[in-house]
Amino acid sequence: MRKVGIIMGSDSDLPVIKKATDQLKSLGIPFEVHVYSAHRTPEEARAFAINARKNGFGALIAAAGMAAHLAGAVAANTTLPVIGIPCQGPCLEGLDALLSTVQMPTGIPVATVAVNGGANAALLAAQILAVEDADLAAKLDAKRKADAEAVLAKDAGIAERL
């Protein structure tokens, strides 16, 4: 199975990344996590992206707040799928990061999840890998079914709470 590479611009993004790693662990998907900044360590971020395919990665997740150029910088250096997680920073409640992540130029796509959407980033990476992995696809189907059953169980008990 291919790995998922996760890059965060700062270790302050770790709570968001933890949501992603928890999902990947639950699905048995191998991953690596690194702190590389598009601005402070651009060469390291670039080298990671350039070498990602040959190093066994099948999808990349890039999380950053504020200027949030990390996902775009990574995508500019690989043709692997890149999923951006805009992280809420100290100002603008993450809107700045969201806009920086979704507005990519033609030819450099970045799939973008919600602000602080670490779990969905991991699930999207899993769905990408599952295109070629029937076992992983079955795990995702089972997760969807379990999630639906949990909602229906809550529905069944809601009248008692009112």
Calculate what fraction, in whole %, of the accessible area of segment 1-93 sits on carbon and sulfur atoms when a 1.4 Å probe is rolled over the protein chains. 54 percent
For segment 1-91, shape from the Cα gyration tensor axes a ≥ b ≥ c, cut at a/c of 1.5 then a/b versus b/c, turns out oblate
Counting only heavy atoms of the protein chains, get the accessible area per residue of the chain (1.4 Å probe) and round it to a whole Å² value. 55 Å²
Convex hull over the Cα atoms of the chain, averaged projected area in nm²? 10.8 nm²
Semi-axes a, b, c in Å (a largest) for segment 57-121, each sqrt of 5 times a Cα gyration tensor eigenvalue, come to 19, 12, 8
Could you pull out every residue, at least 5 positions away or on a different chain, whose amide H is within less than 5 Å of the one on ASP133? Hs are placed 1.01 Å off N in the peptide plane, and Pro or chain starts have none. none
Relative to the first principal axis of the alpha-carbon coordinates of the chain, what is the inclination of helix 14-27, with its axis defined by its Cα atoms, in degrees from 0 to 90 and to the nearest 10? 60 degrees
Here the gain from full extension of ALA150 to ARG53, 0.36 nm per residue of separation minus their alpha-carbon distance, amounts to 31.2 nm
May I ask you to give the average projected area over all directions of the convex hull of the Cα atoms of segment 94-162, in nm² rounded to one decimal? 7.2 nm²
Expressed as a whole-number percentage, the relative contact order of segment 15-162 with C-alpha contacts under 8 angstrom and at least six residues apart is 23 percent
Helix 118-130 versus the longest principal axis of the chain: what is the Cα-based angle in degrees, 0 to 90, to the nearest 10? 90 degrees
With no solvent and one equal point scatterer per Cα, compute the Debye intensity ratio I(q)/I(0) for segment 32-79 at 0.16, 0.27, 0.29 Å⁻¹ and report its log10, rounded to two decimals. -0.37, -1.06, -1.22
Eligible aspartates and glutamates near LYS25 by straight Cα distance, threshold 18 Å, same-chain separation 8 or greater: ASP133, ASP135, ASP141, ASP147
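The values are calculated or read from the model by the stated rules, or taken from the named source; none is laboratory data. Model, not experiment: these values are computed from the prediction. SASA here: full protein model, heavy atoms, side chains in, ligands and nucleic acids out. Shrake-Rupley method; radii C 1.70, N 1.55, O 1.52, S 1.80 Å.
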